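Here is the structure we will look at.
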Amino acid sequence: MLGSCAGGGLPQWNCGGDNSVRARRGDPDVPPRTQPGLAVSADGIRWSIANASPDLRGQLAAFPALHPNPGTRDVPLDTVALTSAELDHVLGLLVLREALSFRIVSTHWVRDAILEHNAAWRLLQPIWSSVPLDAPVALDRHGALELRFFPVAAKVPTYLRDVAKPHAETTTGLRITERATGARLAFVPGLAALDSATMAELAAADVRFVDGTFFTAGELRSVKPGAPDAAAMGHAPIAGADGSLAALADLPGRTWYVHMNCTNPVLDAASAEHARVRRAGVEIADDGMEVEL
């Protein structure tokens, strides 16, 4: 897990909420976290990344397996797969501009929305491929891992709302399968609603990482009066009648929340909300954690 927090990380630079204050003070129950990203590998040698956050440079520096080989600029990075065009999922691509030795894959919508409306990104165009929904693509150069994009409730990023319309390809989850064993991982850092198709994808995975941005629908208003609720921002809250926790608690295998906003009380390891999630059998992802299937 390269980064487990939502956009802005923890502490968020402009937030004086309790979590951010305590993270700045070094409270061990509320450690700092970076913005969202996941590294995956079939052999521990060649790696691919799910989403490229603005914190990617530091995340790569903290993860020796993705360091360049000594005396070279050979980095064992095969693919960067993008679940959406959200800035906290894609800005790190520009950090990688010095060497285009890897490839980028996304849906057609995500690729076109970014390249057509953001001139700086066009230097990445030669290595950027678009893939239809549910089409299999080899994630690594050896073909040991298969990637498929599956649709979830669409949310157009704020910076694109005047120029792009929602589509089935706007927001996706990643299904990553090890071809030799059938082991499956689902990565869904942006999730507006848990519909039956999304639940089927999550249930079929051995391990899943699911959007846990907000604990309650109106959480952000505690530090930002008048702020939109979770649904308006494209995120299903953890708790409440339409929350994700009750549905995720019944799934087999292991489940982690990722993409937690800096205001989310589950980021406090001593909080009642954190304990409630853990009692339900769902875990809270941490930066730097490793999971082996």
Can you tell me which of TRP128, TRP109, TRP121 is open to solvent by less than 50 Å² (accessible area, probe 1.4 Å) and modelled with pLDDT under 95? TRP121
Sole residue being closer than 21 Å to THR158 by Cβ and open to solvent by 10 Å² or more (accessible area, probe 1.4 Å), chosen from GLY3, GLY7: GLY7
Out of curiosity, is HIS259 at pLDDT 90 or above, on the phi > 0 side of the Ramachandran plot and not hydrophobic (A, V, I, L, M, F, W, C)? yes
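Could you tell me which of the residues GLY226, GLY243 is open to solvent by 20 Å² or more (accessible area, probe 1.4 Å) and over 16 Å from the mean Cα position of the chain (by Cα)?
One residue alone meets the criteria, GLY226.
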Just wondering, is there one or more residues in segment 80-90 that are open to solvent by 20 Å² or more (accessible area, probe 1.4 Å), touching a residue at least 40 places away in the same chain (Cβ under 8 Å), aliphatic (A, V, I, L, M) and closer than 14 Å to ASP287 by Cα? no
Which one is nearest to the chain's Cα centre (by Cα) among residues in segment 31-50 that are assigned to a loop (DSSP other than H, G, I, E, B) and crowded, with 24+ Cβ neighbours inside 10 Å? PRO36
Pair list, Cβ < 6 Å and 6+ apart or interchain, from segment 214-226 residues that are charged (D, E, K, R) to residues that are at pLDDT below 80: ARG221/ALA227
Please work out if GLY58 is within 17 Å of the chain's Cα centre (by Cα) and more than 19 Å from ILE176 (Cα to Cα). yes
Note down all Cβ pairs under 6 Å where the first residue falls in segment 246-275 and is under 23 Å from ASP195 (Cβ atoms), the second is open to solvent by 20 Å² or more (accessible area, probe 1.4 Å), and they're at least six residues apart or on different chains. ALA247/LEU194; ALA249/ALA280; ALA249/GLY281; LEU251/ALA203; GLY253/ASP206; TRP256/GLU283
Could you please let me know if ASP162 is farther than 13 Å from TRP109 by Cα and modelled with pLDDT of 95 or more? no
Selection within segment 194-217 - over 24 Å from GLU292 (Cα atoms) and surrounded by 14 or more Cβ atoms within 10 Å (Cβ to Cβ): LEU194, THR213, PHE214, PHE215, THR216, ALA217
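The values are calculated or read from the model by the stated rules, or taken from the named source; none is laboratory data. The structure displayed is predicted, hence computed values, not measured ones. In this analysis, Cβ positions are derived from the backbone assuming ideal geometry, glycine residues included, and neighbour counts consider all displayed protein chains. Ligands, DNA and RNA are stripped out before the accessible areas are found, and what is left, the full protein with its side chains, is counted by its heavy atoms. Shrake-Rupley method; radii C 1.70, N 1.55, O 1.52, S 1.80 Å.
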